[in-house]
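For reference, the structure is listed below as structure tokens.
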Amino acid sequence: MTISKRCLSLSPTLGSLHPSMTLGITSKAKAMIADGRDVANMCAGEPDFDTPRHIKEAAAKALDAGDTKYTPVAGRPELREAVAAKFSNENGLHCSAQQIVVSPGAKFSVFATVAVLCGPGDEVILPKPYWLSYAEMVLAAGATPVFMDTALADGFCLDPAALEEKVTERTKLLVLNTPSNPAGGVYRRSVLEAIAELAVRHDFMVLADEIYEKLVYESDFPHVSIGSLGPEIEARTITVNGFSKAYSMTGWRLGYLAAPEPLAKAIAALQSHSTSNAVSFAQAGALAALTGAQEPVEEMRQAFAKRRDEICRLLHAIPGMNVFVPRGAFYVFPDISAFGLDSMTFAERSLEEANVAVIPGKPFGMDTNIRLSYACSSDTIQKACGRLAEFCGTLR
Ligand code: PMP
Ligand code: GLU
């Protein structure tokens, strides 16, 4: 008997997601390189450094000692304490360990937050360009994404007056990402204060994704956590962070958040029925990351700062390429509209014709731009920019 359409029909929410294009194109580029093709891979959403040794040793020791069983769903008590201490000492939050949930990746921290807070009828404001997974997560929850433009002149940060125009009675959540993927925008304290005032006055929640917090490059633009700006905004903020970017631990799958306690409980309940705890011995590594030497983080930041300067200088020299110098994270997001191609076509052709793998801006909400990651060697940066210069020359 043939299987019916009804059996195979997918849920309109969770069954209808698009696969992540960042992960998809990155694996395609890696596979091409493994096949022997000389591709300059500018896709990577992960640092190219190894995880610092003391973190690996702590996890290996835990594994050796038999730390291989379930842990409490929201993470081991000592790790939740260390995360709460980090948020208090470094970010100015006032949270207890009960407000912390450790998850298998910050992606799941964001997903779980959106899933427990938002549903049909709720609006979630996403400033463009946004990290592509936010929009899919909002759709997965059955809520409505409300996109808003940002300007290059504002460093790709939202303008509070424009935000107020987007707020309705249905606004449930604003997703703020600082420093941002893909544009490298970093929010100033004064702008965050204005956003916090709006969130409190109009009574909506803010999800602050601060996973790139350690990677900022300009003293005028230090990282500021919106949740630190007063008790009323802290009560409306979920602060998400993780180990992937700061400690180069993307494969370990470790993220965490601080939320008002009832929300943290709801997120832990969702986690208890979906992923359960983050990997037991990885949590030992996470504890070592937070409590051990921080020098490797600063060394990596300095290396990224140099590469940022190099890639921006080389891209600026390509006629028609309009480059905003990112203030944080490890991506550049130039406007390529002068070349007369949409971002998908540009990315496809730059891979096929110039052997440069980039991510199109379209899934980030901006079809006029492409994303290049500078989490790669200086040689790769030079090779990619040289090839792009030649490729762009053929388009003009
Ligand atoms: N937020 C942003 C903005 C990101 O770029 C990423 C990248 N992976 C994440 C969250 C999730 O990180 P992870 O799941 O590896 O902790
Ligand atoms: N966040 C990274 C990126 O945007 C890694 C891939 C992903 O998780 O989407 O490339």
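The values are calculated or read from the model by the stated rules, or taken from the named source; none is laboratory data. Keep in mind the model is a prediction, meaning the values are calculated, not measured. Heads up, the Cβs are rebuilt from the backbone with ideal geometry, glycines too, and the neighbour counts pull from every protein chain shown. SASA here: full protein model, heavy atoms, side chains in, ligands and nucleic acids out. Shrake-Rupley method; radii C 1.70, N 1.55, O 1.52, S 1.80 Å.
Restricted to region 332-351, and to residues that are of a type in the set (Val, Ile, Thr) and within 23 Å of the chain's Cα centre (by Cα), which residue is surrounded by the fewest Cβ atoms within 10 Å (Cβ to Cβ)? Break it down stepwise before answering.
First, the residues of region 332-351 that are of a type in the set (Val, Ile, Thr): 332, 336, 345.
Pick out the ones that are also within 23 Å of the chain's Cα centre (by Cα) and you get 332, 336.
Numbers: VAL332: 26, ILE336: 28.
Within region 332-351, the match that is surrounded by the fewest Cβ atoms within 10 Å (Cβ to Cβ) is VAL332.
Only one of (1) more than 13 Å from ligand 1 (Cβ to nearest atom); (2) within 26 Å of SER373 (Cβ to Cβ) is not met by GLN271, so which one is it?
So GLN271 meets the others, but not (2).
Looking at (1) touching an Asp or Glu at 6+ places or on another chain (Cβ under 9 Å); (2) without any contact (Cβ under 8 Å) to a residue 24 or more places away in the chain, which is the only condition SER219 fails?
(1)
Limited to region 232-252, what total is found for residues that are more than 12 Å from ligand 1 (Cβ to nearest atom), part of a helix (DSSP H, G or I) and open to solvent by 30 Å² or more (accessible area, probe 1.4 Å)?
Count: 2.
Filter region 299-331 for residues that are among the acidic types (Asp, Glu) and free of Cβ contacts under 8 Å to residues at least 60 places away in the same chain and give the result.
Within region 299-331, GLU299, ASP309 qualify.
Can you tell me which of (1) open to solvent by 10 Å² or more (accessible area, probe 1.4 Å); (2) within 22 Å of GLU136 (Cα to Cα) is the one ASP379 doesn't meet?
(2)
LYS30 fails exactly one of the following numbered conditions: (1) open to solvent by 30 Å² or more (accessible area, probe 1.4 Å); (2) away from ligand 2 (no atom under 16 Å from the Cβ). What is the number of that condition?
Of (1) open to solvent by 30 Å² or more (accessible area, probe 1.4 Å); (2) away from ligand 2 (no atom under 16 Å from the Cβ), only one is false for LYS30: (2).
Being closer than 30 Å to ALA389 by Cβ and more than 16 Å from ligand 1 (Cβ to nearest atom): is that true of ARG308 here? Talk me through it step by step, then tell me what you get.
Values: closer than 30 Å to ALA389 by Cβ: yes; more than 16 Å from ligand 1 (Cβ to nearest atom): yes.
The answer is yes for ARG308.
So in region 27-39, with the set limited to residues that are without any contact (Cβ under 8 Å) to a residue 24 or more places away in the chain and not in a loop (DSSP other than H, G, I, E, B), which one is nearest to ligand 1 (Cβ to nearest atom)?
Taking the candidates together, the pick is SER27.
Which numbered condition trips up GLU210, out of (1) more than 15 Å from ligand 1 (Cβ to nearest atom); (2) in contact with a His (Cβ under 8 Å, 6 or more places away or on another chain)?
(1)
Go through region 341-396 residue by residue and tally those that are assigned to a loop (DSSP other than H, G, I, E, B) and under 28 Å from ALA303 (Cβ atoms).
8
Is it true that some residue in region 42-50 is surrounded by 14 or more Cβ atoms within 10 Å (Cβ to Cβ) and at positive phi?
The answer is no, given that none of the residues of region 42-50 is surrounded by 14 or more Cβ atoms within 10 Å (Cβ to Cβ) and at positive phi.
So if I check each of GLY15, GLY66, GLY24, which one is open to solvent by less than 50 Å² (accessible area, probe 1.4 Å), free of Cβ contacts under 8 Å to residues at least 60 places away in the same chain, part of a helix (DSSP H, G or I) and over 25 Å from VAL332 (Cβ atoms)?
Residue meeting the stated conditions: GLY15.
Which of the residues that make up region 218-231 are open to solvent by less than 30 Å² (accessible area, probe 1.4 Å) and under 21 Å from TRP131 (Cα atoms)?
PHE221, VAL224, SER225, ILE226, GLY227
Farther than 20 Å from TRP131 by Cα and surrounded by 22 or more Cβ atoms within 10 Å (Cβ to Cβ) - does that describe any residue in region 352-375?
Yes, region 352-375 contains at least one residue that is farther than 20 Å from TRP131 by Cα and surrounded by 22 or more Cβ atoms within 10 Å (Cβ to Cβ).
So is ALA208 farther than 27 Å from CYS43 by Cα, in contact with a Ser or Thr (Cβ under 9 Å, 6 or more places away or on another chain) and surrounded by 24 or more Cβ atoms within 10 Å (Cβ to Cβ) or not?
no
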